[in-house]
Amino acid sequence: MLSLTREVGEKIVIGDDVIVTVISVSANGRVRLGIEAPKQIRIDREEVLDRIRIENLESANATPEITVDAAAWASYGARRANAKAKPPSS
Amino acid sequence: MPTATAQIPVTGMELKFHRGLPGFKGANHFVVEPLEGLGEGVFARLRCTDTVYVKNSTPLENLSFLVTSPGILWREYSVHVDETMVEDLDLTSVDDIAMLVIIHPRRPLSASTANLYSPIVINRRTGLADQFVPSVTEQEVGWSVATPLPLDRDD
């Protein structure tokens with residue numbers, strides 16, 4: 001991994017169009033970064049994105065199995081389709 | 001109020017995810033298909049028309065998800081879509097927005113969940129879509145990645 005030392009206000013340029021700026025560093029070690037990048041590039045917190053990635057993968061893997069439970073899904077769907085206009089059941 | 005049959009507003013639409021779908025490389029084009037005989041109107045299939053790649057795995061030809069419009073099953077559902085998303089998807093009015101959530105089917109069905117934390121936001125005018133990744137936690141949003149499906153005594 002490339003490691004660079006930067007001070008507050010200094011920037012790092014990645015490729016032609018990604019710029020990372022160190023905005024602030026707090027006493028408790030929190031670093032605030034500003035990122036400028038083209039909009040097709042995802043910029044997310046790693047732990048949040050990982051949780052969504054894993055959930056997407058597991059959901060995709062489980063989806064073919066709905067055919068096994070097709071009758072249950074059909075009746076659940078039918079009940080919800082008709083219940084939509086009714087007040088919520090207690 | 002007239003009797004409304006549940007309906008997923010974007011059924012039949014082609015969706016384009018400029019940034020792909022988290023977890024899958026190359027998953028940019030999808031179609032929303034009705035699920036005939038399987039919760040039609042409440043559920044739909046979100047099928048990818050690209051060959052996609054998953055880390056440490058062989059290319060995937062048939063990626064699809066079970067989805068629903070969150071408002072059908074969770075009437076109180078709302079999510080604050082941030083400015084970046086509004087700009088990226090070229091959303092100019094509330095009427096442009098449609099949402100889908102991915103269901104994680106489990107057995108039994110009553111154990112199934114849906115990702116209400118991170119809905120798929122769609123510009124229904126253009127078909128531009130993206131999975132929203134909030135910048136705040138599930139607790140702050142009030143909806144979980146694995147929200148149980150609403151059940152009643154018949155489920």
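Here, each number is a calculation from the coordinates, and none is a lab measurement. Bear in mind that the values here come from a model prediction, so they are computed numbers and not experimental data. Neighbour counts are summed over all protein chains in view; Cβ atoms, including those assigned to glycine, are modelled from backbone coordinates with ideal geometry.
Dipole size of the protein assembly as shown about its Cα centre, with +1 on Lys/Arg Cβ and -1 on Asp/Glu Cβ: approximately 400 debye, rounded to the nearest 20.
Taking 0.36 nm per residue of separation and subtracting the Cα-Cα distance, what length does fully extending residue B:153 through residue B:61 add?
Values: separation 92, 0.36 × 92 = 33.12 nm, distance 3.88 nm.
Working it through step by step, the gained length comes to 29.2 nm.
Each of B:27, B:131, B:91 was scored by the projection of its Cα onto the charge dipole of chain B, and the greatest displacement toward the positive side belongs to B:27; charges sit on the C-beta of Lys, Arg, Asp and Glu.
Picking from B:25, B:16, B:55, which is most flexible by a Gaussian network model of chain B using Cα springs under 10 Å? With Cα springs under 10 Å in chain B, the top fluctuation among B:25, B:16, B:55 is at B:55.
Phi angles of region A:4-19 translate, via the Karplus equation with coefficients 6.51, -1.76, 1.60 and θ = phi - 60°, into HN-Hα couplings of 10, 9, 10, 10, 3, x, 7, 10, 10, 10, 10, x, 8, 9, 10, 10 Hz per residue; Gly and Pro are given as x. A simple rule links phi to the HN-Hα coupling: the Karplus curve 6.51 cos²θ - 1.76 cosθ + 1.60 with θ = phi - 60°, which for region B:103-115 gives 9, 9, x, 9, 10, x, 3, 5, 8, 5, 9, 9, 8 Hz, with x for Gly and Pro. Within chain A, the ratio Rg/Rh, alpha carbon atoms throughout and Rh by Kirkwood, equals 1.28. Phi angles across region B:15-28 convert, under the Karplus curve 6.51 cos²θ - 1.76 cosθ + 1.60 with θ = phi - 60°, into 3J(HN,Hα) values of 10, 10, 9, 4, 9, x, 10, x, x, 10, 8, x, 8, 10 Hz, Gly and Pro given as x.
Using the Cβ-Cβ distance between residue A:68 and residue B:92 with R0 set to 30 Å, the FRET efficiency works out to roughly 0.10.
Taken about its Cα centre, region B:13-76 carries a charge dipole of about 340 debye when Lys and Arg each add +1 at the Cβ and Asp and Glu each add -1 at the Cβ.
Amide H contacts under 5 Å for residue B:15: B:30, B:31, B:32, restricted to partners 5 or more places along the chain or on a different chain, H placed in the peptide plane at 1.01 Å from N.
Taking every DSSP beta bridge with both residues inside chain B, roughly what % is antiparallel (nearest 5)? Display every interim value, and only then the final one.
On the way: 29 of 31 bridges.
So the antiparallel bridges amount to about 95 percent of the total.
Considering only A:32, A:53, A:80, the Gaussian network model of chain A with Cα springs below 10 Å gives its largest mean-square fluctuation to A:80. When chain B is treated as a GNM with alpha-carbon contacts under 10 Å, the residue of B:103, B:120, B:72 showing the greatest mean-square fluctuation is B:72. Note on chain B: Cα convex hull, mean projected area over all directions, 10.7 nm².
Listing A:19, B:102 from the residue with the fewest other Cβ atoms within 10 Å to the one with the most, what is the order?
On the way: A:19 13, B:102 25.
Going from sparsest to densest Cβ surroundings: A:19, B:102.
You can think of it this way: the chain between residue B:125 and residue B:16 has 38.1 nm of extra reach, that is 0.36 nm per residue less the Cα-Cα gap. If only the Cβ of Lys and Arg carry +1 and only the Cβ of Asp and Glu carry -1, the dipole of region B:62-155 around its Cα centre is close to 520 debye. Taking all Cα pairs closer than 8 Å and separated by 6 or more residues, the relative contact order of region B:70-155 comes to 28 percent.
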